[in-house]
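Novice: Take this structure first; my questions come after.
The values are calculated or read from the model by the stated rules, or taken from the named source; none is laboratory data. This is a predicted model, so every value here is computed, not measured. Backbone-built Cβ (ideal geometry, glycine too); neighbour counts: all protein chains shown.
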Amino acid sequence: MSSRTTSFALLLAFAAAATATAQDTRPVAFTNARLVTVSGAVIERGTLVVRNGKIDAIGADVTVPPGARIVDATGKTVLPGLVSAWSRAGLQGGGRAEDPSGGGRRGGRGPMPMPMPQAGAGPTGNRAATKVVDGLYAKQPVFGDLLRVGITSLALSPSGGGFPGLGAVLRPDGKTLEQLTVDDDAFVQVSMVRDSQTKKLLTETFEKAQKVVDERKKPPTPPTQPAEAKPAEKPPEPKPADGKTEPPKGNEPPKPEPKPEPKPEEKKETPPAGPPAGQAPPAARPQQPKDPNLEVLADLLEGKRRAIVQIDSAADMLHWQAAVAESVKFPRALLMPRHDPMSGTIDLVLDQVKAWQCPVLLSPDLTTQPRSRTLMHPAQQLHDAGIEVGFVIGDNTTTVRALFFRLAELVRHGLPADVAVRAVTLTPAKILGIDKQVGTLEVGKQANLLVFGGDPLSVTGALETVWLAGQEVQKQP
């Protein structure tokens, strides 16, 4: 190949690269789409404009900006990306979250949901200051796999009873730990296990953390200052031996004798505080080193942090109440990741759950009453009781692909469709404290989008594309 041909080929390559870069930075407009905003009414036929990774405009009468890349979404539904508020993906090794069934969520009842780990699946102790990301290997395919099936915000929780550590919020497309981690101490994980060791740990640790809070409220003790030394008194001037005053010198007139002043009543002087003059003050007692685990829990009790409290059953809730005083209050969400008819379903402790006044994360499934075939709808019961519901989405692609089938089942049995969608978008975002950035389709929020062919809660709906921060996520080759 001649040098001229080579140069021409390089110019074409550079031009193509420049064009691709220009296309990547163009605004993107989804037109003729059914827009499920979550925060408001569904826009049946509207336009959503994305610019610089964020939603720039949304509505039924939005004008497409000049030069925008247009995505014709006729007959499609756009909704916010999934927010998984509780997961342990990637914490058990570096395997891929494969979907052996091929991901078919249509036909039959769909794949069975994977069993969720119990709270006691790990050591019991107080490791509240330990960050889950400290033991995380970032270069695992599981995070990219979960992103491609719709999870655009992912929270990881440490395992174990008691206080296993600090959970983190991840951005699933990160290639390094720094890129992967959005918030490395997003919440405190607290896990109830129905045994005497965990109950004793919960009781004693919360008492110690409360003492730390009480110490913080005390005014600081001022440091002891050494007493100031008094200036030395001038010695009296000597008088002549005969007691007479010295004659005036030169022409100066003699000075009159000072009249003696009456002596004031003697007052008892209070000894000065501190050590005697010239003596060093006593050395201050060395402060005891602070326990970082108790400091984290003291922050929690002061409302500076939030927690996710895992309680697996009604029986575990009663044991929690026996171990933790009612006066112990802190920002929290309640996690019941599985339905346990044998140890008691959530309807048996509905009054206690309502008293917590917090959202509840639970499995998006129907269940049965103990020793019965009678179906129960825990999410519907919580919603009817005025409790905000969020759903545990899952740790692998098999479970996540089946999510909208399971949501459709819950809707078919009475749960409002908007509540079902909110439970996998906005509610978990609020639990994690990221609802200002994600969870709804609103101007200024990150353009994390799922595009479905049809209604995602219908038998014909299917996930077609995933967008993260305004960029289309490439499917697995």
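Okay, residues lined up against (1) in contact with a strand residue (DSSP E or B) (Cβ under 7 Å, 6 or more places away or on another chain); (2) of a type in the set (Phe, Trp, Tyr); (3) farther than 16 Å from Leu147 by Cβ; (4) not assigned by TED's automatic domain parsing to the domain that holds Ala33:
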{"residue": "Leu432", "(1), (2), (3), (4)": "yes, no, yes, yes"}
{"residue": "Gln446", "(1), (2), (3), (4)": "yes, no, no, no"}
{"residue": "Gly453", "(1), (2), (3), (4)": "yes, no, yes, no"}
{"residue": "Leu457", "(1), (2), (3), (4)": "no, no, yes, no"}
{"residue": "Gly461", "(1), (2), (3), (4)": "yes, no, yes, no"}
{"residue": "Val473", "(1), (2), (3), (4)": "yes, no, no, no"}
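Novice: Still on this structure, please answer the following. Could you give me the residue pairs with C-beta distances under 7 Å whose first residue belongs to the range 161-179 and is within 21 Å of Val149 (Cα to Cα), whose second residue is among the aromatic types (Phe, Trp, Tyr) and modelled with pLDDT of 95 or more wherever it lies, and which are 6+ apart or on separate chains?
Specialist: From residues that are within 21 Å of Val149 (Cα to Cα), the pairs are Leu170/Phe143; Pro172/Phe143.
Novice: Restricting attention to the range 379-388, and to residues there that are closer than 8 Å to Leu415 by Cβ and not polar (S, T, N, Q), which single residue is surrounded by the most Cβ atoms within 10 Å (Cβ to Cβ)?
Specialist: Of everything passing the filter in the range 379-388, Ala379 is surrounded by the most Cβ atoms within 10 Å (Cβ to Cβ).
Novice: Just for the range 465-474: of the residues that are out of contact with any helix residue (DSSP H, G or I) (no Cβ under 7 Å at 6 or more places or on another chain) and assigned to a loop (DSSP other than H, G, I, E, B), which one is surrounded by the most Cβ atoms within 10 Å (Cβ to Cβ)?
Specialist: So, considering only residues that are out of contact with any helix residue (DSSP H, G or I) (no Cβ under 7 Å at 6 or more places or on another chain) and assigned to a loop (DSSP other than H, G, I, E, B), the one surrounded by the most Cβ atoms within 10 Å (Cβ to Cβ) is Gly470.
Novice: A further question on this structure: How about the range 162-197: which of its residues are farther than 24 Å from Glu302 by Cβ, touching a Ser or Thr at 6+ places or on another chain (Cβ under 7 Å) and not in a loop (DSSP other than H, G, I, E, B)?
Specialist: Listed by number, the residues that qualify are Leu170, Gln197.
Novice: Which of the residues spanning the range 379-398 are in contact with a strand residue (DSSP E or B) (Cβ under 8 Å, 6 or more places away or on another chain) and modelled with pLDDT of 95 or more? Full working, then the answer.
Specialist: Going residue by residue through the range 379-398, those that are in contact with a strand residue (DSSP E or B) (Cβ under 8 Å, 6 or more places away or on another chain) are 379, 382-383, 387-395.
Of everything in the range 379-398, those that are in contact with a strand residue (DSSP E or B) (Cβ under 8 Å, 6 or more places away or on another chain) and modelled with pLDDT of 95 or more turn out to be Ala379, Leu382, His383, Ile387, Glu388, Val389, Gly390, Phe391, Val392, Ile393.
Novice: Can you name every residue in the range 419-464 that is within 12 Å of Pro80 (Cα to Cα), part of a strand (DSSP E or B) and over 18 Å from the mean Cα position of the chain (by Cα)?
Specialist: Those that are within 12 Å of Pro80 (Cα to Cα), part of a strand (DSSP E or B) and over 18 Å from the mean Cα position of the chain (by Cα): Leu449, Leu450, Val451, Phe452.
Novice: Within the set of pairs 6+ apart or on separate chains, which have a first residue in the range 131-147 that is modelled with pLDDT of 95 or more and in a helix (DSSP H, G or I), a second that is crowded, with 18+ Cβ neighbours inside 10 Å and of a type in the set (Gly, Ala, Ser), and C-beta atoms under 6 Å apart?
Specialist: Partner pairs satisfying both residue conditions: Val132/Gly165; Val132/Gly167; Val132/Ala168; Val133/Ala168; Val142/Ala89; Val142/Gly90; Val142/Ala97; Asp145/Ala97.
Novice: Select, from Pro370, Pro364, the only residue that is in a loop (DSSP other than H, G, I, E, B), more than 23 Å from Gly165 (Cα to Cα) and either among the basic types (Lys, Arg) or in contact with a helix residue (DSSP H, G or I) (Cβ under 9 Å, 6 or more places away or on another chain) (or both).
Specialist: Every option except Pro364 fails the conditions.
Novice: Also, I was wondering about something else. How many of the residues making up the range 405-418 are assigned to a helix (DSSP H, G or I) and either more than 23 Å from Ala60 (Cα to Cα) or not assigned by TED's automatic domain parsing to the domain that holds Val182 (or both)?
Specialist: Qualifying residue count, the range 405-418: 8.
Novice: Could you please give the count of residues in the range 139-172 that are under 19 Å from the mean Cα position of the chain (by Cα) and on the phi < 0 side of the Ramachandran plot?
Specialist: Number satisfying all stated conditions: 19.
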